[in-house]
Amino acid sequence: MKKVLSKKWKLGLIALLVLGSAQVVSAAPMQMHVMEGFLPWQWALFWWAVALPFWIIGIRQVGAILREQPEKRIYLGLAGGFIFVLSALKIPSVTGSSSHPTGTGIGTMLFGPFVVGILGTVALIFQALLVAHGGISTLGANAMSMAIGGPLIAYYLVWRPLKNSPFYVRVFMTAFVADLATYLITTTQLALAFPDPFSGFVGSWLKFAGIFAVTQIPLAIGEGILSVLIMNALQSNTEQELVQA
Amino acid sequence: MNVIDRYAYMNRLAKVNPAGKAVIALVTIGLCLVLNRPIVGVLAVGWMFGLAVWLAGIPAKVFRRVLLAEAGFLLLTSVGVAVSIATRDHGVGWRLPVGRFWLVVTPESLEQMVRLMTRALGGASALNFLAFTTPLVDLVGLLRRMWLPEALIDVMVIMYRFIFVLLETLNKMVKAQSSRLGYAAGYRRGMQAAGTAGAQLFFSAMRRSQRLETALASRGFDGELRVLKSRHEVMPWFGIILVGLVGSLFVGFGLTAESLRMLRFFG
């Protein structure tokens with residue numbers, strides 16, 4: 001019972017897989033949120049539990065800001081709105097224009113990682129309840145990758161250490177790493193939940209990383225460039241708005 | 001902004017108490033996850049489609065289109081579950097050598113893929129039902145009654161309000177840029193235009209927040225936004241729907257467990 005396929009079939013299949021994944025990912029409305037129901041309930045609960053301490057720290061920080069300056073409520077609401085809407089800004093990309101999480105990278109630089117953790121989570125809740133992207137059971141996992149993990153890693157491994165490097169390098173790397181970290185954390189979450197029967201966690205990780213690499217890596221580079229342009233425009237503008245930010 | 005949000009305000013269940021709709025959606029998601037059988041997912045899709053189309057009056061075409069888009073995305077991701085990578089030939093399933101590795105598809109992995117896709121589609125259809133029938137303001141109001149801190153809820157309300165204002169601002173800017181060939185002249189120019197739009201959006205957001213702060217301060221704002229509670233109707237047929245839904249999902253689950261046992265007994 002030998003079922004090894006012939007060479008012609010093989011090439012065709014691989015081409016189909018690569019082209020197909022590029023097509024579907026770029027046609028997909030949001031970047032890579034884990035869909036509702038995709039994670040087994042044990043893993044969904046696990047990621048809620050992991051995200052919880054970060055949410056508590058973030059809510060405490062937001063609460064402290066609001067106790068001192070109640071009027072900041074408006075500011076935070078608009079910062080959150082900005083983060084949400086920025087992801088709707090179309091950027092030209094190799095695989096066609098697509099949505100992306102620029103907001104979290106820029107938000108981290110402007111507002112700090114824990115505040116972005118909260119605002120990003122609210123943005124995810126809105127995406128789930130408003131346009132049915134992402135999900136409720138998978139909210140913990142998505143928040144962990146997009147709102148918490150990406151910004152935290154980018155802030156502490158890039159934004160702070162690169163204090164003395166040229167501004168554009170610092171901004172590009174922060175946005176790039178925030179994006180890449182989000183993508184790799186999601187990959188890890190999927191690989192943990194669905195290990196490969198033959199090659200285990202590692203094989204599964206490589207599979208999911210491969211599926212999403214087609215769009216995510218060009219996107220991360222695009223995000224980096226876009227963030228530099230936005231931050232430059234912000235810097236060269238001396239309006240009083242920046243004093244508050 | 002989005003076809004789903006438009007129907008959230010227009011459908012026949014828009015004025016109905018959000019708690020009932022949320023309970024139906026959450027129970028469905030929970031059962032799809034915990035029972036984890038293909039038939040449960042399929043039944044859930046059927047229920048949610050029926051409720052959205054017949055009870056809420058969402059056009060079947062629209063609901064189907066959203067669900068199909070999700071299924072397409074799902075199909076791609078679950079390919080990673082169906083296809084396994086092995087470092088040597090294990091001699092099982094359909095296999096395909098690629099360099100030093102083997103891509104393997106086994107009946108078990110296909111079964112897992114089907115299970116995953118039906119479970120996720122069941123959950124996604126429940127989320128679609130909630131998003132299609134309930135305005136977000138109502139859901140935020142629902143969150144207010146839970147343990148969430150009041151300050152966070154206020155931030156959410158302001159955020160929701162300004163998403164649409166900012167989105168309109170962004171659309172206008174992008175339209176203005178496009179009409180001056182902002183995005184038509186290659187990658188570099190397109191990026192430049194997007195960068196300018198993003199920065200201007202930030203200024204626009206900050207300017208608005210300052211104006212709003214000033215306006216509120218001049219009216220004696222002390223940190224709390226008080227608004228009248230909206231009134232809701234009772235969800236029609238709520239008890240019957242819930243019992244029927246939960247019952248049929250459990251019956252579907254029971255049938256599969258039963259049939260599995262019988263198959264094992266005879267085979």
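Scanning region A:158-216 for residues that are in a helix (DSSP H, G or I), of a type in the set (A, V, I, L, M) and more than 26 Å from B:Gln112 (Cβ to Cβ) yields A:Val158, A:Val169, A:Val171, A:Met173, A:Ala175, A:Val177, A:Ala178, A:Leu180, A:Ala181. Take B:Ala52 and decide whether it is within 15 Å of the chain's Cα centre (by Cα), modelled with pLDDT of 95 or more and part of a helix (DSSP H, G or I). When the stated conditions are applied, B:Ala52 passes them.
Annotation note: of B:Arg231, B:Arg207, B:Arg219, B:Arg226, the sole residue that is more than 11 Å from chain A (Cβ to nearest Cβ), over 30 Å from the mean Cα position of the chain (by Cα) and farther than 30 Å from B:Asn36 by Cα is B:Arg219.
Taken over region A:139-181, the residue count meeting the criterion of being buried (at least 24 other Cβ atoms within 10 Å of the Cβ) and within 16 Å of A:Asn232 (Cα to Cα) is 3. Among the residues of region B:94-107, which ones are touching a residue at least 12 places away in the same chain (Cβ under 8 Å) and either in contact with a helix residue (DSSP H, G or I) (Cβ under 7 Å, 6 or more places away or on another chain) or of a type in the set (Asp, Glu) (or both)? Hit for region B:94-107 is B:Val105, nothing else.
Scanning region B:1-44 for residues that are among the charged types (D, E, K, R) and either under 17 Å from B:Phe132 (Cβ atoms) or facing chain A (nearest Cβ under 9 Å) (or both) yields B:Asp5, B:Arg6, B:Arg12, B:Lys15, B:Lys21. For region B:5-34, a residue qualifies if it is surrounded by 21 or more Cβ atoms within 10 Å (Cβ to Cβ) and under 14 Å from B:Ser125 (Cα atoms), and the qualifying residues are B:Lys21, B:Ile24, B:Ala25, B:Thr28, B:Ile29, B:Leu31, B:Cys32, B:Leu33.
Checking B:Ile39, B:Ile24, B:Ile58, B:Ile85 one by one, the residue that is among the aliphatic types (A, V, I, L, M) and farther than 28 Å from B:Trp237 by Cβ is B:Ile85 and no other.
Taken together, the criteria place A:Phe198 among residues that are crowded, with 18+ Cβ neighbours inside 10 Å and free of Cβ contacts under 8 Å to residues at least 12 places away in the same chain. Among (1) part of a helix (DSSP H, G or I); (2) buried (at least 22 other Cβ atoms within 10 Å of the Cβ), where does B:Val104 come up short? Going through (1) part of a helix (DSSP H, G or I); (2) buried (at least 22 other Cβ atoms within 10 Å of the Cβ) one by one, B:Val104 breaks only (1).
Would region A:106-128 turn up any residue that is in contact with an Asp or Glu (Cβ under 6 Å, 6 or more places away or on another chain), at pLDDT below 90 and facing chain B (nearest Cβ under 8 Å)? Checked against the condition, which is being in contact with an Asp or Glu (Cβ under 6 Å, 6 or more places away or on another chain), at pLDDT below 90 and facing chain B (nearest Cβ under 8 Å), region A:106-128 yields no hits at all.
Per the conditions (1) buried (at least 16 other Cβ atoms within 10 Å of the Cβ); (2) without any contact (Cβ under 8 Å) to a residue 40 or more places away in the chain, the sole criterion not satisfied by B:Arg37 is (2).
B:Val155 satisfies every condition listed in (1) among the hydrophobic types (A, V, I, L, M, F, W, C); (2) farther than 30 Å from B:Met48 by Cβ; (3) buried (at least 17 other Cβ atoms within 10 Å of the Cβ); (4) touching a residue at least 12 places away in the same chain (Cβ under 8 Å) except (4). Candidates in region B:63-81 are the residues that are without any contact (Cβ under 8 Å) to a residue 60 or more places away in the chain and over 12 Å from A:Ile211 (Cβ atoms); of these, the one that is surrounded by the fewest Cβ atoms within 10 Å (Cβ to Cβ) is B:Leu68. Residues that are more than 7 Å from every other protein chain (Cβ to nearest Cβ), polar (S, T, N, Q), in contact with a Leu (Cβ under 8 Å, 6 or more places away or on another chain) and on the phi < 0 side of the Ramachandran plot do occur in region B:117-130, at least one of them.
Please specify each residue of region B:132-152 satisfying the condition of being more than 9 Å from chain A (Cβ to nearest Cβ), part of a helix (DSSP H, G or I) and touching a residue at least 60 places away in the same chain (Cβ under 8 Å). Let's see the steps before the verdict.
The initial filter retains those residues of region B:132-152 that are more than 9 Å from chain A (Cβ to nearest Cβ), namely B:133, B:135, B:137-138, B:141-142, B:144-147, B:150.
Okay, now just the ones that are also part of a helix (DSSP H, G or I), so B:133, B:137-138, B:141-142, B:144, B:150.
Within region B:132-152, B:Thr133, B:Val137, B:Asp138, B:Gly141, B:Leu142, B:Glu150 meet the criteria.
Would a scan of region B:177-189 turn up a residue that is in contact with a strand residue (DSSP E or B) (Cβ under 8 Å, 6 or more places away or on another chain), within 12 Å of chain A (Cβ to nearest Cβ), surrounded by 10 or more Cβ atoms within 10 Å (Cβ to Cβ) and assigned to a helix (DSSP H, G or I)? The answer is no; no qualifying residue exists. Answer yes or no: is there a residue in region A:83-105 that is within 30 Å of A:Ala209 (Cβ to Cβ), surrounded by 20 or more Cβ atoms within 10 Å (Cβ to Cβ), of a type in the set (Ser, Thr, Tyr) and modelled with pLDDT of 90 or more. There is no residue in region A:83-105 that is within 30 Å of A:Ala209 (Cβ to Cβ), surrounded by 20 or more Cβ atoms within 10 Å (Cβ to Cβ), of a type in the set (Ser, Thr, Tyr) and modelled with pLDDT of 90 or more.
The values are calculated or read from the model by the stated rules, or taken from the named source; none is laboratory data. Note that the coordinates shown come from a computational prediction; the quantities given were computed from them, not determined experimentally. Reconstructed Cβ throughout: ideal geometry from the backbone, glycine too, with neighbour counts over all protein chains shown.
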